[in-house]
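The values are calculated or read from the model by the stated rules, or taken from the named source; none is laboratory data. Note that the coordinates shown come from a computational prediction; the quantities given were computed from them, not determined experimentally. Cβ: placed from backbone, ideal geometry, glycine included. Neighbour counts: every protein chain shown. Only protein heavy atoms, including side chains, enter the accessible area calculation; ligands, DNA and RNA are left aside. Shrake-Rupley method; radii C 1.70, N 1.55, O 1.52, S 1.80 Å.
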Protein chains: 2
Amino acid sequence: MRILLTNDDGIHAPGIHALWHIFEDWAELFVVAPDSERSATGHGITVHQPLRVEKLTFAKPHFHGWAVNGTPADCVKLALEELMDDPPDIIISGINRGANLGTDVLYSGTVSAAMEGAIYGFPALAVSVTGWKTTDYGLAAETTRFLCEQLVEKGLTSETFLNVNVPDLPREQIHGIGVTKLGSRRYQNIFDKRTDPRGRTYYWMAGEVKDVDAGEGTDIRAINEGMISVTPIHFDLTNYTIIQEVDQWLGETQRPFLELIKKREGT
Amino acid sequence: MRILLTNDDGIHAPGIHALWHIFEDWAELFVVAPDSERSATGHGITVHQPLRVEKLTFAKPHFHGWAVNGTPADCVKLALEELMDDPPDIIISGINRGANLGTDVLYSGTVSAAMEGAIYGFPALAVSVTGWKTTDYGLAAETTRFLCEQLVEKGLTSETFLNVNVPDLPREQIHGIGVTKLGSRRYQNIFDKRTDPRGRTYYWMAGEVKDVDAGEGTDIRAINEGMISVTPIHFDLTNYTIIQEVDQWLGETQRPFLELIKKREGT
């Protein structure tokens with residue numbers, strides 16, 4: 001087994017070290033992770049400046065990997081295209097400090113790294129512990145190991161990865177593992193408007209979470225009920241259900257438009 | 001009508017000015033756009049540094065708007081939460097220089113701005129002209145105006161926006177407007193590995209596009225055939241088709257796992 005580990009909290013974050021230690025007896029591990037925290041980078045990639053890679057080794061506890069001055073998606077691309085001699089069997093992104101639930105997965109660097117892996121066709125997981133102040137990655141690491149063992153045995157439809165959220169709760173309060181759909185999250189009071197010492201306005205993005213859809217079957221509901229949430233995610237954003245509807249209204253109206261734009265030519 | 005305009009090429013880019021001029025007789029326009037190019041930022045948002053906003057006005061041709069030191073998604077959030085007194089009727093992101101087709105929409109700042117608008121529940125469009133060297137935004141602007149007029153009349157399922165790509169072709173070579181699904185794009189030779197004057201390695205991300213799925217009905221096929229492509233996009237990434245499958249294999253195996261983790265408590 002060969003596993004590629006990455007994250008968006010940076011190579012020094014405890015979550016990725018927890019993954020190393022839970023997997024080191026089971027697989028050959030390759031760590032390619034941002035050199036510092038890159039949360040909320042979404043699926044950004046770095047095309048306007050060069051990427052640099054630095055090999056890091058820690059003696060106690062043992063850990064080594066490549067630190068990249070880029071985003072989580074950059075890290076996965078560099079690992080697969082340049083740094084690894086052989087392809088991985090699984091790609092794991094995390095363990096993220098803080099939940100990645102519902103609409104928030106769109107902003108998540110952790111999730112985008114797993115998505116990049118799935119785009120390349122590899123089995124992938126994104127793993128997060130809910131709770132920004134968590135220091136305990138043990139349960140999330142054990143859950144990740146369990147899911148990877150299952151994944152290797154059962155396989156997963158290609159172009160799909162698993163987004164895993166583990167509640168920041170004592171183990172006896174964990175009620176099970178639920179397979180979920182993404183709920184919907186919005187934020188209130190998103191911007192904190194301030195004035196700097198020179199009298200200029202600036203904004204901090206923050207906000208209080210408001211769960212708009214925490215209904216039956218959602219990842220948010222599962223976490224609220226003390227379940228570990230596993231959501232299968234794909235990256236085809238097409239809304240197939242309305243293709244026909246849009247096609248219909250464009251079918252009726254596009255002819256006069258097309259005639260018009262051709263008449264305008266040369267003006 | 002009130003329209004919010006944004007982009008990822010920055011407030012000085014010709015594409016957003018072309019949108020201004022095609023819409024100024026039809027709607028009240030608000031421009032909130034990055035202060036410089038932010039392409040390939042994906043759906044990143046800025047949470048680790050403060051955002052600043054600067055009002056810009058150009059006399060000839062007339063144009064004004066707010067420049068933000070952030071991503072396209074930041075711009076939409078700031079516009080809706082802080083800068084606009086009343087909500088927009090439509091949000092338009094573009095006109096982007098270069099296609100946003102297939103898998104590439106995941107990396108696109110242009111598309112993420114429209115998606116942010118859709119998350120807030122507003123009708124939204126992302127518009128791109130294929131061809132990195134295009135200087136003609138006229139046809140794309142006219143197409144955007146046509147689609148917005150249609151959108152106002154016909155409406156669009158909530159949580160969905162339109163991703164529009166206009167071929168960089170003479171008008172007489174445009175064969176129509178096709179409603180499409182996202183195709184699949186991959187790149188070859190993604191990294192250009194170089195050595196700096198101090199002997200250190202660095203990488204430029206680049207690569208040659210390889211259309212993996214340019215099949216019937218895809219956006220890529222439409223563009224290749226001289227069609228304007230309109231793809232309805234939503235932001236629910238759940239892969240509903242495999243929820244049951246994953247549920248099945250976790251249903252069988254989670255009980256022993258849960259018993260195990262509880263036994264380990266306190267160790």
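Give me the aspartates and glutamates in straight-line cross-link reach of A:Lys262: C-alpha distance below 17 Å, same-chain residues under 8 apart excluded.
Output for A:Lys262: B:Asp136, B:Glu142, B:Asp168, B:Glu172.
Taking amide hydrogens as modeled 1.01 Å from N in the peptide plane, which residues meet the under 5 Å criterion relative to A:Gly44, leaving out close sequence neighbours?
B:His43, B:Gly44
Which residue, chosen from A:Ser112, B:Thr46, B:Ala118, occupies the Cα position most advanced towards the positive end of the dipole of the protein assembly as shown, where the dipole is computed from +1 (Lys, Arg) and -1 (Asp, Glu) charges on Cβ about the Cα centre?
My answer, from the dipole projection, is B:Thr46.
Run lengths n ≥ 4 of DSSP H only: what is the helix-derived mean residue ellipticity at 222 nm for chain A, with -39500 (n - 2.57) per run over all residues, to the nearest 500? Intermediate values should be presented prior to the final figure.
Details: 6 runs with 72 residues, N = 267.
The helix-only estimate for chain A comes to -8500 deg cm²/dmol at 222 nm.
If I take the Cα coordinates of the protein assembly as shown and project them onto the principal axes, what are the three extents in Å, biggest first?
77, 51, 44
What whole-number value in cubic angstrom gives the convex hull volume per residue for the C-alpha atoms of chain B? Could the numbers behind the result be given before it?
Details: hull volume 60.6 nm³, N = 267.
Taking only Cα atoms, chain B has a hull volume of 227 Å³ per residue.
By its C-alpha gyration tensor, with a ≥ b ≥ c as the square roots of the eigenvalues, how is the stretch A:29-160 shaped: rounded for a/c under 1.5, else prolate for a/b larger than b/c, else oblate?
Numbers: a/c = 1.19, a/b = 1.15, b/c = 1.04.
Taking the square roots of the gyration eigenvalues as a ≥ b ≥ c, the stretch A:29-160 is rounded.
So what J values fall out for the stretch B:208-218 if you push phi through Karplus, 6.51 cos²θ - 1.76 cosθ + 1.60 with θ = phi - 60°, rounded to Hz, Gly and Pro as x?
Taking θ as phi minus 60°, the curve returns 9, 5, 9, 7, 6, 10, 10, x, 3, x, 7 Hz for the stretch B:208-218.
With a point put 7 Å past each Cα toward its Cβ, work out how far A:Thr195 is from B:Glu24 in nm, to one decimal.
My value for the distance between the label points is 3.4 nm.
For B:Asn69, which sequence-distant residues (separation of 5 or more, or a different chain) have an amide H within less than 5 Å of its own amide H, given hydrogens modelled in the peptide plane?
Under 5 Å from the amide H of B:Asn69 lie the amide H atoms of B:Asp35, B:Arg52, each far enough along the sequence or on another chain.
Just how far, in whole angstrom, is the stretch B:71-133 from the stretch B:245-259 if you go by their alpha carbon centroids?
41 Å
Based on the Cβ-Cβ distance of A:Leu56 and A:Tyr240, what FRET efficiency does E = 1/(1 + (r/R0)^6) give at R0 = 35 Å, to the nearest 0.05?
FRET efficiency, A:Leu56 to A:Tyr240: 0.20.
Tell me the total accessible area that A and B bury against each other, 1.4 angstrom probe, in square angstrom rounded to 100.
Values: alone 15270 and 15290 Å², together 21850 Å².
Interface between A and B: roughly 8700 Å².
Among DSSP beta bridges whose residues both lie in the protein assembly as shown, state the antiparallel percentage, nearest 5.
Details: 48 of 100 bridges.
Around 50 percent antiparallel, to the nearest 5.
For the stretch B:1-118, which whole-number percentage of the solvent-accessible area (1.4 Å probe, protein heavy atoms only) is attributable to carbon and sulfur atoms? Kindly include the intermediate steps, with their values, before the conclusion.
Numbers: 1740 of 3700 Å².
The nonpolar share, carbon plus sulfur, comes to 47 percent.
Taking the Cα centre of chain A as origin, work out the dipole magnitude from +1 charges on Lys and Arg Cβ and -1 charges on Asp and Glu Cβ, in debye rounded to 20.
Values: 24 positive and 37 negative charges, 213 e Å.
In total the dipole reaches around 1020 debye.
How shielded is A:141-150 by partner chains, expressed as the average number of their Cβ atoms within 10 Å of its Cβ atoms?
Details: counts 0, 4, 4, 0, 1, 8, 5, 0, 2, 7.
Partner-chain Cβ atoms within 10 Å, mean over residues of A:141-150: 3.
With a 1.4 Å probe and every protein chain left in place, tell me how much accessible area A:Glu216 has, in Å² to the nearest 10.
For A:Glu216, solvent-accessible area is about 140 Å².
Provide, as a two-decimal number, the C-alpha radius of gyration of the stretch A:181-224 over 2.2 N^0.38 Å, N being how many residues it has.
On the way: Rg = 15.9 Å, N = 44, 2.2 N^0.38 = 9.3 Å.
Expressed relative to 2.2 N^0.38 Å, the Cα Rg reads 1.72.
Using protein chains only and a probe of 1.4 angstrom, how many square angstrom of A:Asp213 are accessible, to the nearest 10?
Around 60 Å² of this residue is reachable by solvent.
Would you kindly find the accessible area of A:Ile119, with a 1.4 Å probe and non-protein molecules such as ligands, DNA and RNA excluded, rounding to the nearest 10 Å²?
10 Å²
How many angstrom lie between the Cα centre of the stretch A:177-239 and the Cα centre of the stretch B:151-187?
Cα centroid to Cα centroid, the span is 29 Å.
Give the dimensionless ratio obtained when the Cα radius of gyration of the stretch A:123-232 is divided by 2.2 N^0.38 Å. List each step's numbers first, then the result.
Working: Rg = 17.8 Å, N = 110, 2.2 N^0.38 = 13.1 Å.
Cα Rg divided by the expected 2.2 N^0.38 Å: 1.35.
Ranked by accessible surface with a 1.4 Å probe, highest first, in what order do A:His62, A:His12 come? List each step's numbers first, then the result.
Working: A:His62 90, A:His12 120 Å².
Greatest to least solvent exposure: A:His12, A:His62.
Within 10 Å of each candidate Cβ there may be at most 14 other Cβ atoms; applying that plus a DSSP loop requirement, which chymotrypsin sites (Phe, Trp or Tyr not before Pro) in the stretch B:83-153 survive?
B:Trp132
At 1.4 Å probe radius, can you tell me the per residue accessible area of the protein assembly as shown in Å²? Numbers along the way, then the final one.
Values: 21850 Å² over 534 residues.
Per residue, the protein assembly as shown has an accessible area of 41 Å².
What base-10 log of the normalised intensity I(q)/I(0) is obtained for the stretch B:167-259 from the Debye formula, alpha carbons as equal point scatterers, at q = 0.10, 0.15, 0.18 Å⁻¹?
-0.59, -0.83, -0.91
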